[in-house]
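The values are calculated or read from the model by the stated rules, or taken from the named source; none is laboratory data. The model shown is predicted, which means the values in this text are computed figures rather than measured ones. We place every Cβ from the backbone using ideal geometry, glycine too, and count neighbours over all the protein chains shown.
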Amino acid sequence: MKTFKYIWRNIRRNPIRSLLTILSVGFSLALMTVLYGFLASQETWKNGAAQANRIVVMNIQGFSGKLPISSVDDVRSTKSVAAAVPFAWFGGSYQDEQMPFAQFATDPEYVFNVWPEYSIPPEQLEAFKTNRQGCVLDRRIAERRGWKVGDRVPLKGAIYPFDLDLEISGIFDSPKNTDSLYFHWDYLNEGLKQQSYPNIDNAGTIFARISSSDSIPTVIKSIDDKFGSSDTPTRSQTEAAFAQMFVDMLGNVQVLIRNIGLAVVFSLSLVTANSMAMAMRERVTEIAVLKAIGFPRSRVLFMVLGEACAIAMLGGFLGVGMGCLFLQGMNSLMPQFFPFTVLEMLGPWISYGLIAAAVLGLISGIVPAIRAAQMSVIDGLRRLA
Amino acid sequence: MSNSNAGETVVVVRDVCKEFHREKLTIPVLSGINLQLSEGDYLALMGPSGSGKTTLLNLIAGLDRPTSGDVVVCGQNLGQSSEGELAKWRSRHVGFIFQMYNLIPVLTAYENVELPLTLTSLSRRQRDDHVKAALEVVGLQDRMDHYPRQLSGGQEQRVAIARAIVTDPTLLVADEPTGDLDARSATEILELMHRLNTEFRKTIVMVTHDPNAADRARRILHLEKGLLVSEVVESRTKKAVQ
Ligand SMILES: Nc1ncnc2c1ncn2[C@@H]1O[C@H](COP(=O)(O)OP(=O)(O)OP(=O)(O)O)[C@@H](O)[C@H]1O
Ligand SMILES: [Mg+2]
């Protein structure tokens with residue numbers, strides 16, 4: 001216990017230098033936490049998707065390809081498919097906001113069968129089904145904007161030459177923030193017809209829930225076989241693979257982020273090592289006195305290493321804390337980019353930041369610590385004599 | 001603080017030579033030193049700068065090992081001990097007093113004195129008793145919560161002495177303990193050391209340039225270019241007159 005007190009006093013001996021070191025570790029690890037938070041959110045999404053027995057059907061050419069609305073029925077009639085809905089990205093803007101939240105044109109009749117984990121009061125769902133301009137949205141959106149059932153949500157088309165005038169029929173709860181609004185696919189399609197839009201009757205993508213995970217490969221195969229010879233051949237995949245596809249679109253960003261993390265740790269270790277070396281140089285005589293009194297090498301080593309680690313860990317907690325606060329803040333301000341709360345993506349990713357801090361402390365402290373432990377007592381004492 | 005077996009031999013220095021090696025240069029510092037101290041002895045080492053006083057003191061205190069010859073202190077042959085063994089041995093048998101006091105600036109007087117005890121297996125309570133007793137001997141129990149920078153030079157040196165005696169070592173080594181003090185504080189320190197020698201029967205080796213300081217010792221040795229040149233043994237009567 002005594003040793004820890006001494007280490008703490010040594011840290012406070014030159015408070016400005018310690019504080020600057022802690023802050024530099026803190027800010028860099030905050031940055032690392034934010035970057036890793038981004039990786040973590042992708043991981044979380046992928047893992048969440050892997051648990052749902054859902055598949056995504058899209059045109060083999062990707063999002064640009066068409067998927068006729070009649071295919072939804074074909075998917076529904078496939079063996080082991082429990083429910084299926086069209087799912088088209090509207091991407092409209094709300095007032096001045098370019099990307100307020102996600103909006104999907106879908107089938108109100110079945111959308112909550114495809115996502116049974118979402119819950120909505122039955123009367124609200126009924127209202128949604130019967131109101132052609134009705135919509136339902138994630139409770140988090142409603143809370144953020146102070147919207148309630150009955151409010152109107154005008155959305156200006158960005159991809160489509162048609163503006164939506166929606167009325168909130170219901171508010172649903174979901175285990176994770178979806179940041180989504182669902183409205184009638186028919187409403188959009190009718191509107192596009194009136195505008196003589198060329199690409200009508202397009203389901204966009206089809207989301208389907210499969211009754212058991214064992215049959216997913218068979219279902220995927222039979223759907224793709226069914227459409228293989230049509231005008232619109234399809235590519236079906238699990239929701240997890242679909243999520244992975246988005247992750248892959250970012251290419252090597254993952255590797256890049258990881259390497260940035262490593263570079264940050266490395267350059268920081270130089271900063272902290274320098275500050276430790278400076279601290280030790282000032283304390284040569286003091287360490288010699290400790291050793292004269294009989295402090296064994298191991299204890300001197302432990303004290304110096306402990307000081308370096310304590311500084312790095314203080315910076316680590318500060319940095320991870322700041323990073324988490326930032327992510328949490330982004331989550332509430334811009335959930336479309338940061339769809340997960342810090343709690344949802346905590347786990348290993350946060351501990352990477354703290355592990356990095358501990359490694360940093362060890363790397364930066366080890367050389368000064370060994371030098372202090374090896375230092376000759378008589379040479380150290382001669383310094384001042 | 002125990003003081004049994006009066007007269008037992010504490011320090012034996014036999015045919016000791018010491019050389020330093022710096023970049024292929026051999027610097028001979030001590031040659032053929034012989035010396036013996038019994039428990040309760042008080043030796044003053046004098047001599048010009050560079051004559052090897054500190055070097056000899058370091059050998060006796062187990063901070064360094066002789067190039068040849070034997071240094072046996074408190075039954076331990078220091079020349080044949082490993083560094084780890086020496087560290088352990090020092091913590092049990094030697095108390096250090098330096099010219100620059102060398103207190104740890106971030107620790108209070110109390111904590112500085114407690115420092116050597118943290119190497120022992122004493123309980124917190126026992127440590128507390130020892131620290132307070134040591135501070136009482138040097139008359140600074142009312143200053144125990146002060147940091148070194150809040151103390152005068154003389155007070156700092158007294159704290160350093162408390163730190164040196166807190167483990168009740170057999171041997172005290174002091175390298176110019178009054179070298180940085182004004183006359184009054186120096187006298188206080190010398191009186192304190194005299195008390196430690198007479199009342200607590202500590203064996204003391206003190207390096208000093210100050211003849212007045214040396215006069216307090218029971219024996220005075222002069223070093224000249226690494227050789228012991230003369231020895232003065234104080235008479236008890238002279239001490240008594242003081
Ligand atoms: N670690 C060392 N490395 C090299 N040379 C040393 C070392 N220690 C002492 N010396 C040399 O040994 C000689 C004696 O040094 P020492 O410190 O014992 O002298 P001293 O009598 O204590 O002098 P002073 O009165 O100035 O303290 C000096 O010439 C010094 O340069
Ligand atoms: Mg000297």
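If you check B:GLU224, B:GLU191, B:GLU199 for being more than 14 Å from chain A (Cβ to nearest Cβ), within 16 Å of ligand 1 (Cβ to nearest atom), farther than 18 Å from B:PRO116 by Cα and of a type in the set (D, E, K, R), only one passes: B:GLU224.
Would you be able to say whether some residue in region A:54-68 is in contact (Cβ under 8 Å) with a residue 24 or more places away in the chain, surrounded by fewer than 17 Cβ atoms within 10 Å (Cβ to Cβ) and in a helix (DSSP H, G or I)? No, region A:54-68 contains no residue that is in contact (Cβ under 8 Å) with a residue 24 or more places away in the chain, surrounded by fewer than 17 Cβ atoms within 10 Å (Cβ to Cβ) and in a helix (DSSP H, G or I). Each residue in region A:266-298 was checked for being more than 20 Å from B:ALA174 (Cβ to Cβ), facing chain B (nearest Cβ under 10 Å) and hydroxyl-bearing (Ser, Thr, Tyr), and 1 of them qualify.
Among the residues of region B:73-85, those identified as surrounded by fewer than 22 Cβ atoms within 10 Å (Cβ to Cβ), out of contact with any Asp or Glu (no Cβ under 9 Å at 6 or more places or on another chain) and more than 9 Å from chain A (Cβ to nearest Cβ) are B:CYS74, B:GLY75, B:SER81, B:SER82, B:GLU85.
Right, A:PRO108: modelled with pLDDT of 90 or more, part of a loop (DSSP other than H, G, I, E, B) and more than 14 Å from chain B (Cβ to nearest Cβ) or not?
Details: modelled with pLDDT of 90 or more: yes; part of a loop (DSSP other than H, G, I, E, B): yes; more than 14 Å from chain B (Cβ to nearest Cβ): yes.
It is true that A:PRO108 is modelled with pLDDT of 90 or more, part of a loop (DSSP other than H, G, I, E, B) and more than 14 Å from chain B (Cβ to nearest Cβ).
Are there helices (runs of 4 or more DSSP H) fully within region A:248-349 with at least 2 residues that are under 22 Å from the mean Cα position of the chain (by Cα)? List them. Because the criterion is at least 2 residues that are under 22 Å from the mean Cα position of the chain (by Cα), the helices (runs of 4 or more DSSP H) in region A:248-349 that meet it are A:253-282, A:297-333, A:342-345. Taken over region B:146-204, residues that are assigned to a helix (DSSP H, G or I) and not hydrophobic (A, V, I, L, M, F, W, C) amount to 19. Among the numbered conditions (1) over 24 Å from B:ALA217 (Cα atoms); (2) in contact (Cβ under 8 Å) with a residue 60 or more places away in the chain, the only one that B:ILE60 does not meet is (1).
Give B:LEU35, B:LEU57, B:LEU45, B:LEU25 a once-over and let me know the one that is aliphatic (A, V, I, L, M), out of contact with any Ser or Thr (no Cβ under 6 Å at 6 or more places or on another chain) and over 17 Å from B:THR203 (Cα atoms). First the steps, then the outcome.
Numbers: B:LEU35 fails: over 17 Å from B:THR203 (Cα atoms); B:LEU57 fails: over 17 Å from B:THR203 (Cα atoms); B:LEU45 fails: over 17 Å from B:THR203 (Cα atoms).
Every option except B:LEU25 fails the conditions.
Which of the following residues is more than 9 Å from chain A (Cβ to nearest Cβ), among the hydrophobic types (A, V, I, L, M, F, W, C) and more than 13 Å from ligand 1 (Cβ to nearest atom): B:LEU122, B:LEU56? Before you say what the answer is, go through the steps one by one.
Details: B:LEU56 fails: more than 13 Å from ligand 1 (Cβ to nearest atom).
The match here is B:LEU122.
Using the structure shown, decide if A:ASN113 is touching a Leu at 6+ places or on another chain (Cβ under 9 Å) and touching a residue at least 60 places away in the same chain (Cβ under 8 Å). Answer is no for this residue. Looking across region A:146-197 at every residue that is surrounded by 20 or more Cβ atoms within 10 Å (Cβ to Cβ) and of a type in the set (Val, Ile, Thr), the one that is nearest to A:GLY48 (Cα to Cα) is identified as A:THR178.
Screening B:VAL113 with (1) within 16 Å of ligand 1 (Cβ to nearest atom); (2) out of contact with any Cys (no Cβ under 6 Å at 6 or more places or on another chain) gives one miss only, at (1).
Pairs are defined by a Cβ separation below 6 Å, a sequence spacing of at least 6 or placement on different chains, a first member in region B:128-154 that is over 18 Å from B:ILE104 (Cα atoms), and a second member that is modelled with pLDDT of 95 or more and not in a helix (DSSP H, G or I); the pairs so defined are B:HIS130/B:VAL166.
Among the residues of region A:117-131, those identified as surrounded by 14 or more Cβ atoms within 10 Å (Cβ to Cβ) and part of a loop (DSSP other than H, G, I, E, B) are A:TYR118, A:ILE120, A:ASN131. Counting only residues that are under 32 Å from the mean Cα position of the chain (by Cα) and either part of a helix (DSSP H, G or I) or within 14 Å of chain B (Cβ to nearest Cβ) (or both), region A:3-52 holds 33 of them.
Here is a yes/no grid of residues against (1) within 24 Å of A:PHE112 (Cα to Cα); (2) outside the structural domain of A:ASP73 (by TED's automatic domain parsing); (3) surrounded by fewer than 21 Cβ atoms within 10 Å (Cβ to Cβ):
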| position | (1), (2), (3) |
| --- | --- |
| A:ASP214 | yes, no, yes |
| A:ASP225 | no, no, yes |
| A:ALA240 | yes, yes, yes |
| A:VAL271 | no, yes, yes |
| A:ALA279 | no, yes, no |
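In contact with a Gly (Cβ under 8 Å, 6 or more places away or on another chain), away from chain B (no Cβ under 14 Å) and modelled with pLDDT of 90 or more: which single residue out of A:LEU305, A:LEU354 fits that description? Result of the check over A:LEU305, A:LEU354: A:LEU305.
In region B:24-46, is there at least one residue being within 13 Å of ligand 1 (Cβ to nearest atom), over 19 Å from the mean Cα position of the chain (by Cα), over 23 Å from B:ALA214 (Cβ atoms) and within 14 Å of chain A (Cβ to nearest Cβ)? Among the residues of region B:24-46, at least one is within 13 Å of ligand 1 (Cβ to nearest atom), over 19 Å from the mean Cα position of the chain (by Cα), over 23 Å from B:ALA214 (Cβ atoms) and within 14 Å of chain A (Cβ to nearest Cβ), which makes the answer yes. Taken over region B:86-111, the criterion of being more than 16 Å from the chain's Cα centre (by Cα) and more than 10 Å from chain A (Cβ to nearest Cβ) is satisfied by B:ALA109, B:TYR110. Listed by position, the strands (runs of 3 or more DSSP E) enclosed by region B:1-113 that each have at least 2 residues that are within 16 Å of ligand 2 (Cβ to nearest atom) are B:9-22, B:25-38, B:42-46, B:94-97.
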